[in-house]
Amino acid sequence: MSDLLQRLRERGWRMTAQRRVVAEVLAGEHVHLTADEVLAQATERLPEISRATVYNTLGELVTLGEVAEVATDGRAKRYDPNAHHPHQHLVCSGCGAIRDVHPDGDPLAALPPAERYGFTVAVAEVTFRGRCPDCAAGA
């Protein structure tokens, strides 16, 4: 579960009505919205919010490290509020749906020392791809 609002409050991030709405839209598990989807949901809650405010707020959240940008297969970037919880992604090759997954084991362990070419590897980003039940049913 995303604890984005709590983390932002603890950081002392200035919580304007617009920023709060963007953070609320991003709250939850398996949330991977595009900027336009964040804008649409934020506008439902706060009609006067502007596109620029939403985009600027998303940029600030990424810069702060509170939200991660997720890019898959040339599709629009998505925003993941679970930046502080280690996880991987499962992506539907049909509709682009993204789910957070927590596979067993350390993904860094899958890369043998001989394949690291002297790199000090800090992070492994693994993306699992397949078809979601809805896309598989329509195939």
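Being assigned to a helix (DSSP H, G or I) and in contact (Cβ under 8 Å) with a residue 24 or more places away in the chain holds for only one residue in Cys95, Cys135, and it is Cys135. Summed over the range 1-34, the residues that are of a type in the set (Val, Ile, Thr), surrounded by fewer than 17 Cβ atoms within 10 Å (Cβ to Cβ) and part of a loop (DSSP other than H, G, I, E, B) give a count of 1.
Name the one entry in Thr57, Thr72, Thr16, Thr53 that is of a type outside the set (Lys, Arg) and within 21 Å of Arg99 (Cβ to Cβ). Of Thr57, Thr72, Thr16, Thr53, the one residue that is of a type outside the set (Lys, Arg) and within 21 Å of Arg99 (Cβ to Cβ) is Thr72.
So if I check each of Ala27, Ala83, which one is modelled with pLDDT under 95, touching an Asp or Glu at 6+ places or on another chain (Cβ under 7 Å) and under 19 Å from Leu8 (Cα atoms)? When all the criteria are applied, what remains is Ala83.
Identify, please: which residue in the range 71-92 is aliphatic (A, V, I, L, M) and in a strand (DSSP E or B) and is, among those, surrounded by the most Cβ atoms within 10 Å (Cβ to Cβ)?
Filtering the range 71-92 for residues that are aliphatic (A, V, I, L, M) and in a strand (DSSP E or B), the one surrounded by the most Cβ atoms within 10 Å (Cβ to Cβ) comes out as Val91.
All conditions but one from (1) in contact (Cβ under 8 Å) with a residue 24 or more places away in the chain; (2) assigned by TED's automatic domain parsing to the domain that holds Arg14 apply to Ala52; the one that does not is (1). The residues of the range 109-125 that are closer than 24 Å to Pro81 by Cβ and loosely packed, with under 12 Cβ neighbours inside 10 Å, listed by number, are Ala122, Val123, Glu125.
In the set (1) over 19 Å from the mean Cα position of the chain (by Cα); (2) surrounded by fewer than 10 Cβ atoms within 10 Å (Cβ to Cβ); (3) at pLDDT below 90, Pro133 fails one condition alone, (3).
Are any of the residues in the range 110-125 of a type in the set (A, V, I, L, M, F, W, C), in contact with a strand residue (DSSP E or B) (Cβ under 9 Å, 6 or more places away or on another chain) and under 30 Å from Val38 (Cα atoms)? Within the range 110-125, one or more residues are of a type in the set (A, V, I, L, M, F, W, C), in contact with a strand residue (DSSP E or B) (Cβ under 9 Å, 6 or more places away or on another chain) and under 30 Å from Val38 (Cα atoms).
The values are calculated or read from the model by the stated rules, or taken from the named source; none is laboratory data. Everything numeric here is computed off the predicted structure, so don't read it as measured data. Positions of Cβ are backbone-derived with ideal geometry, glycine not excepted, and every protein chain shown enters the neighbour counts.
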